[in-house]
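Read-outs: derived from the displayed coordinates by stated rules, not from any lab. Here the structure is a predicted model, which is why all the values come from computation and not from measurement. When we count neighbours, we look across all protein chains shown, and the Cβ atoms used for this are built from the backbone with ideal geometry, even at glycine.
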Amino acid sequence: MPSWVVGRHVVRLERPDLVSVAFRGATSAAEAEQIRDVYIAIGKQVGKFDILFDASDLVFLEAGARAAWTRGGKVYPLRHVVCFGASFPTRTVIMTVYRAGRLLVPSVFDFHIEFAATEQEARTRLAALGSQAGYACASA
């Protein structure tokens, strides 16, 4: 399956309805915009998908990166994002960006986000969310 490397971050298409993303270190505005563009490109090819988000090595989002995620424009082609491995401060920043996006550009942030402790818990949760919605999202 295809993958993209943006700085130290990796985005990988695991199957048409699941993308895994691993953030490593700090995330700049340019990196956030490139990753957003990857999401949009994947969505054009496969439609809406889920994200398995590894935040265990995410250090922080630079201020410009936070703004880049909430900038209006194309709708994120996401159904659900389940983030794992995030520390409390990282979860706080992620939820702040998500909530700001929901307030500023709700049509762009038309997806659900939640957290899990481990990758397996995140995969299990995505599988449950998928079965509730009636699409295939099997645990890997």
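Indicate, rounded to the nearest 5 percent, the antiparallel portion of the DSSP beta bridges found entirely in the range 3-133. Don't skip to the end; give the middle numbers.
Working: 9 of 28 bridges.
Of the beta bridges lying entirely in the range 3-133, close to 30 percent run antiparallel.
Counting pairs of Cα atoms in the range 1-76, how many percent are more than 16 Å apart?
The answer is 47 percent, as a whole percent.
Summing -39500 (n - 2.57) over the DSSP H runs of n ≥ 4 in the chain and dividing by its residue number, what mean residue ellipticity at 222 nm do you reach, to the nearest 500 deg cm²/dmol?
My calculation for the chain gives -13500 deg cm²/dmol from helical runs alone.
Where the eigenvalues come from the Cα gyration tensor of the range 3-133, what are the semi-axes √(5λ) of the equivalent ellipsoid, largest first, in whole Å? Let's see the in-between values first.
Values: eigenvalues 73, 59, 46 Å².
Listed largest to smallest, the semi-axes of the range 3-133 are 19, 17, 15 Å.
Any idea what the dipole of the chain comes to, in debye rounded to 20, about its Cα centre with Lys/Arg Cβ at +1 and Asp/Glu Cβ at -1?
That gives a dipole near 260 debye.
Treat each spin label as a single point 7 Å out from the Cα along the C-beta direction, and report the GLU119 to VAL10 distance in nm.
With each label placed 7 Å out from Cα toward Cβ, I get 0.9 nm.
First measure r as the distance between the Cβ atoms of VAL59 and HIS112, then evaluate 1/(1 + (r/R0)^6) with R0 = 22 Å and state the FRET efficiency to the nearest 0.05. Could the numbers behind the result be given before it?
On the way: r = 25 Å, r/R0 = 1.15.
Working from the Cβ atoms, E equals 0.30.
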